[in-house]
1. At 0.36 nm per residue, and after removing the present C-alpha to C-alpha distance, how many nm does the segment from GLU42 to GLN62 gain when stretched out fully?
2. Given the -39500 (n - 2.57) contribution per DSSP H run of 4+ residues, what per-residue ellipticity at 222 nm results for the chain, rounded to the nearest 500 deg cm²/dmol?
3. Taking trypsin sites (Lys or Arg not before Pro) as exposed when DSSP calls them loop (any state but H, G, I, E, B) and at most 15 other Cβ atoms lie within 10 Å, what is the longest stretch of the chain free of them, the sites themselves excluded?
4. If you take every residue apart from TYR57 with its C-beta less than 10 Å away from the C-beta of TYR57, what net charge results, scoring Lys and Arg +1 and Asp and Glu -1?
5. Carbon-plus-sulfur fraction of the accessible area of the chain, 1.4 Å probe, in percent?
6. Which residues' amide hydrogens lie under 5 Å from the amide hydrogen of VAL25, considering only partners 5 or more residues apart or on another chain, with H built in the peptide plane?
7. So what's the projected area for the chain, the Cα convex hull averaged over all directions, in nm²?
8. In nanometres, what is the gap between the two model label sites at GLU11 and ARG26, each 7 Å from Cα along Cα-to-Cβ?
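The values are calculated or read from the model by the stated rules, or taken from the named source; none is laboratory data. Only a predicted model underlies this, so the values are computations on that prediction, with no experimental measurement involved. For neighbour counting, all protein chains shown are included, and Cβ atoms are generated from backbone atoms with ideal geometry for every residue, glycine included. Quick note on the areas: whole protein, heavy atoms, side chains included, nothing else; ligands and nucleic acids left out. Shrake-Rupley method; radii C 1.70, N 1.55, O 1.52, S 1.80 Å.
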Amino acid sequence: MASRAVTRVIEPGTFVVCEFCKDQVRFSAKNRSRQVIANVYEKGSWIRVEHYHLDCYQQLGQPYGQPAA
């Protein structure tokens, strides 16, 4: 397995921190923001999940590739 990323709408009750900026990924009813969720694998084994604001993930150069919808 290889590391991969997907984009998702930020849902109410989301309490995760962006790996890049270290701010909380927050739900907003006015602005339906998106987040990137990455499953990270090393040597074929899953080791963790990372969350990013969509803008932060793009600033990092998409380290886990183009996120799937």
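1. So the chain would gain 5.5 nm between GLU42 and GLN62.
2. Details: 1 runs with 6 residues, N = 69.
Helix-only estimate at 222 nm: -2000 deg cm²/dmol.
3. Longest stretch, sites excluded: 44-69.
4. -2
5. Carbon plus sulfur share of accessible area: 51 percent.
6. VAL16, VAL17, CYS18
7. That works out to 4.7 nm².
8. According to this spin-label approximation, the distance is 2.1 nm.
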